[in-house]
Amino acid sequence: MVTRGNHHRMPSYRLVLLAASVLLAPPSSLRAEAPAKTNSLGQQYAGIVRIENAAIQPDYRTPWNGARPAGGTGTGFLIGPNRFLTNAHVVSNSTRLIIRGVDDSTPHLAKIEFIAHDCDLALLSLEDPRPFEGVAPLPLDDTLPLLDSEVVAVGYPVGGDRISVTRGVVSRIDFRPYSHSGVDQHLAIQVDAAINPGNSGGPVMQGSKVVGVAFQGYSGAVAQNVGYIIPGPVVARFLEDIKDGTYDHYADLAIAIFPLQNPAMRRALSLPENGMGVLVAHVDSGGTCAGVLQRGDVLLEIDGQPIASDGFIEFGGERVNMNEIVERKFTGDRIKLTYWRAGAEAATEVTLKRLTSYLMQANLYEKRPEYVVFAGLVFQPLDRNLLSTLNLTDDNVRYFFNYFGPRELSKERSQPVILTQVLPDAINTHFDGVGGKMVDTINGQKITRMSDLTSALEKAEGEFIKITLVGEGRPLVLDRARAAAASTRINTQYGVSEPSFLEP
């Protein structure tokens, strides 16, 4: 679910994946007097596994080079015959996955069956399921635990080889940013049980049932001992979504809403003094509510649930964000909306669809960087991975990234193209200070995406190739007759093994 309401500085959340060193336990000789105990964890938690991910990290600085080795460890657990649930961030960018059982040193090769980066969940299977035949799966609870109720987090924190159990209580249930995608918000449960690196993907339990999946902690000086788990309803939705063999992602109303708690504003809109309704501030023209809701409407009910002036509803015995109604549904489902317009109440139905324009601002995984190298000029599409890796600071680039979805800048440029760097050569001499700027035109042709770039370069005629950049007064001019030979020379000199890569 994309949350597109008030814009606040988001707190820093950390994913709890990477392994760390652990302290050795005291030698057994120092505890010789202690009575022997039977360790029942191996039986009780036989379905909980340690996951080792050998991954690769794409190189956005030199995208023609191979990706760098990366990886880490996390936790997963058996939910059905040869079905292991874990976090998406535990297994992202994977080249090899290993699963090890409790007190089992044998590595078992695994593969990803489904992965959902928007809600940080993944389903794995073993290439050979026989080692876990007869192991009882952990039952899932698709309801929300009560506040102040005790939970138990089980996993392999800080890279340990032995299972760990920590206890805490449920302290909050609310919509929270999911760090893995960087842009999505879903229902999350805050607990004070220790959620440490390596706990990711592990079960959080009440009694014998799993009420959530550990996935991130809070990094900040203002709060301590705060962890988050993905609750049962989110897990249940993921498992329901993949029943048809594909993951279809979350749908979205694609509107921006704001609270309506100011008395004067409510009177100006001729609203009843009942404390209900939120203001529709933006309707995405390509989204679910396009052509139905308008800016300035007041949303009163969603699927029959009255919406309070702060955007919350009563749902399932809890007071939750109104988007929780949409969270439980799927693409193609219909939702009834009641709204206030021009002093009168009206009702309509909308068909849910997925919003994709915001994905430019999302962290990307399992994706090879796109690029074109021409006469030493390196062109790449703007996305979150590129922005963060190169720390692009140009004001026009930042504007397009920050407002690509909210101001529908995708209509102007569906895939903004950035001149990220210049590989120095005689043909591009004195092209100083242009790296990190957005391409505007090539020989007068507007560049709205990478395919426009390659088309313009291939069709270029005349003596020169003239490239203009957004916010840059001077054009970049190349000698067209020398460009092909220069490209070959530069690519050889700088080790550019492949001059371009674009997704089909």
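On the given criteria, is Ser414 in contact (Cβ under 8 Å) with a residue 24 or more places away in the chain and touching a Gly at 6+ places or on another chain (Cβ under 6 Å)?
Taking the combined requirement at face value, the residue does not satisfy it.
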From the options Glu324, Glu301, Glu349, residue that is among the acidic types (Asp, Glu), touching a strand residue (DSSP E or B) at 6+ places or on another chain (Cβ under 9 Å) and not in a strand (DSSP E or B):
Glu324
Options Val280, Val298, Val226: the member that is at pLDDT below 95, among the β-branched types (Val, Ile, Thr) and more than 29 Å from Ile112 (Cα to Cα):
Val226
Conditions: (1) more than 18 Å from Ile465 (Cβ to Cβ); (2) assigned to a loop (DSSP other than H, G, I, E, B). Phe431 meets all but one. Number of the miss?
(1)
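Take the residues in region 439-462 that are assigned to a helix (DSSP H, G or I) and not hydroxyl-bearing (Ser, Thr, Tyr), then tell me which one is surrounded by the fewest Cβ atoms within 10 Å (Cβ to Cβ).
Going through region 439-462, the residues assigned to a helix (DSSP H, G or I) turn out to be 450-459.
Within this subset, residues satisfying the condition of being not hydroxyl-bearing (Ser, Thr, Tyr) are 450, 452-453, 456-459.
On the way: Met450: 23, Asp452: 19, Leu453: 24, Ala456: 19, Leu457: 22, Glu458: 7, Lys459: 10.
Result: Glu458.
Quick check, is Gly76 without any contact (Cβ under 8 Å) to a residue 24 or more places away in the chain, closer than 24 Å to Pro203 by Cα, crowded, with 18+ Cβ neighbours inside 10 Å and not polar (S, T, N, Q)? I'd like the intermediate steps shown before the answer.
On the way: without any contact (Cβ under 8 Å) to a residue 24 or more places away in the chain: no; closer than 24 Å to Pro203 by Cα: yes; crowded, with 18+ Cβ neighbours inside 10 Å: yes; not polar (S, T, N, Q): yes.
The answer is no for Gly76.
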Quick one: how many residues across region 463-501 are under 28 Å from Glu366 (Cα atoms), out of contact with any Ser or Thr (no Cβ under 7 Å at 6 or more places or on another chain) and in a loop (DSSP other than H, G, I, E, B)?
5
Among (1) within 30 Å of Asn385 (Cα to Cα); (2) among the acidic types (Asp, Glu); (3) touching a Gly at 6+ places or on another chain (Cβ under 9 Å), Asp142 falls short only on (1)
Can you tell me which residue among Leu109, Leu138, Leu144 is in a strand (DSSP E or B) and either over 30 Å from Leu419 (Cβ atoms) or assigned by TED's automatic domain parsing to the domain that holds Val183 (or both)?
Leu109
I'm told Asp252 meets every condition in (1) modelled with pLDDT of 95 or more; (2) crowded, with 20+ Cβ neighbours inside 10 Å except one. Can you identify the failing condition by its number?
(1)
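The values are calculated or read from the model by the stated rules, or taken from the named source; none is laboratory data. The structure displayed is predicted, hence computed values, not measured ones. Every residue, glycine as well, gets a Cβ built from its backbone with ideal geometry; the counts of neighbours run over all protein chains shown.
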